[in-house]
Amino acid sequence: SLTDKLQNVFKGLRSKGKLSEAEVKAALKEVKMALLEADVSFKVVKQFINSIQEQAVGAEVFGKLDAGQTVIKIVNEELVKLMGSETTEVDLKPGNEITVIMMTGLQGAGKTTTTAKLAAQLKAKKGRKPLLVACDVYRPAAIKQLQINGEKVGVPVFAMGDKHKPVDIAKAAMEHAAKNGMNLVILDTAGRLHIDEAMMDELVEIKDQLDVHQTILVVDAMTGQDAVNVSETFNNKIGIDGVVLTKLDGDTRGGAALSIRAVTGKPILYVGMGEKLSDLEQFYPDRMASRILGMGDIMSLIEKATAEIDEEQAREMTQKLRKAEFDYNDFLAQMQQIKKIGGMGSILSMLPGVGNQLSGVDMDEGEKSMKRVESIILSMTKDERANPGLINPSRKKRIARGAGVDISEVNRLVKQFDQMKKMMKQMPGMAGGKKRGGFGG
Ligand code: GDP
Ligand code: MG
């Protein structure tokens, strides 16, 4: 898989010093493939890779990360920066002033569905009184569809059939809203299969004649490359204020988010996560970055590990291991580090490719056995913990009783501990005192 490919490249990178141009180029070749596979447009990929390259070459490998993680970190941060914005919600006028939102986009993008979703959210979360307006007079079923959706979310729909111009319907709807104390008017406009002058003119006319506060472009995330042309044209011809990316519940990697943001500079506000009218979510650039890279939540893993594992302690541990001084107190401390970063279950679930395979696995088992090991060590005396060699059969019996476990478990732990010590002494990296924090080195 892509993640494996990336990780293979990254594995080859050194873990100290500055990233060389060759290393960065090799890593970015895979990132480039990843972005193209995620349907980010070619033009945007090229720009992105160029800008990343400049930043990454010569970058110092971060203290606790290795070279590969450093590249991922830079790529990820840049993706988040590119897709993020201060604006994370559709802007509404204050108080009881009527806010007019015009929904635009190609046919099938999800305008009518999103119109109802958005109304439901702004009603529930912002206490708005919405009115949905049926401005799609071309498709026979369009008006009916909006009425059904409106009913589902308990929001009234204004319609005048298909004999009037959309701009006139919109104007009439404004009067209706004002008369009935509504303060949010959402216009569901008509799309076409492709960009088309008549459609653009119609939208421009509405914008010219009404006080449209927010023009929202609805784009199907699955359209990939096409999304760029669409958003570029809509933004140039009518001007958009924000974007809703629909159908992200599918298996698309969501490259459209990056393309659209890069090309229009307009914020992505919401994402559609299903056909149900409650399936509208806020847009989170960090989640989208992970999705586009296909890397699970690897960044949160890196960040968590970086934040929680004390470098000084890790260094000390390495020293001890080198001198074979590692004892049960250190073992206990290591276990507590693991617990601090959320236990094995949470570590595993954050690894790419593992997260969604975990459902059938009993993660409690690992945590339970960790607890038992802990209680065995806690049943040892101070002397025994510091001098593992002291632990003879009669002491083992006492420890087992104290921990409430079978003596075989104590035996197993002692054996594992000895093996671990031996193994760690043999690891070539240990003698050099690697800089990475982690379990024993
Ligand atoms: P419009 O032509 O732009 O008004 O698009 P519609 O709102 O009629 O939606 C077209 C189709 O896409 C419908 O079958 C919707 O149920 C579906 N749809 C819209 N948004 C989403 C979404 O976020 N996820 C999924 N799976 N389907 C969606
Ligand atoms: Mg529609």
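Bear in mind these aren't lab numbers, they're just calculated from the coordinates by the rules spelled out. From a predicted model like this one, the values you see are computed outputs, not experimental measurements. Neighbour counts are summed over all protein chains in view; Cβ atoms, including those assigned to glycine, are modelled from backbone coordinates with ideal geometry.
Remark: spin-label model distance Ala124-Glu89 equals 1.4 nm, labels positioned 7 Å along the Cα→Cβ axis. In plain terms, the residue of Ser375, Ser259, Ser231 with the fewest other Cβ atoms within 10 Å comes first and the most crowded comes last, giving Ser375, Ser231, Ser259. Shown for Leu378, Leu277, Leu332, Leu293: other C-beta atoms within 10 Å of each C-beta, ranked fewest to most, produce the order Leu378, Leu332, Leu277, Leu293.
Does segment 99-293 come out rounded, prolate or oblate by the C-alpha gyration tensor, with a ≥ b ≥ c the root eigenvalues, rounded set by a/c under 1.5 and, if not, prolate when a/b is larger than b/c and oblate if not? Since a/c reaches 1.5 and a/b is larger than b/c, the shape of segment 99-293 is classed as prolate.
Of all beta bridges that DSSP places with both ends in segment 147-285, some 25 percent have antiparallel geometry. For Thr87, the shell of other residues with beta-carbons less than 11 Å away shows a net charge of -3, using +1 for Lys and Arg and -1 for Asp and Glu.
List the pairs from Lys32/Lys125; Lys125/Lys165; Lys117/Lys163 whose alpha-carbon separation is above 29 Å, in the order I gave them. The pairs that break the limit, which is 29 Å between Cα atoms, are Lys32/Lys125; Lys125/Lys165.
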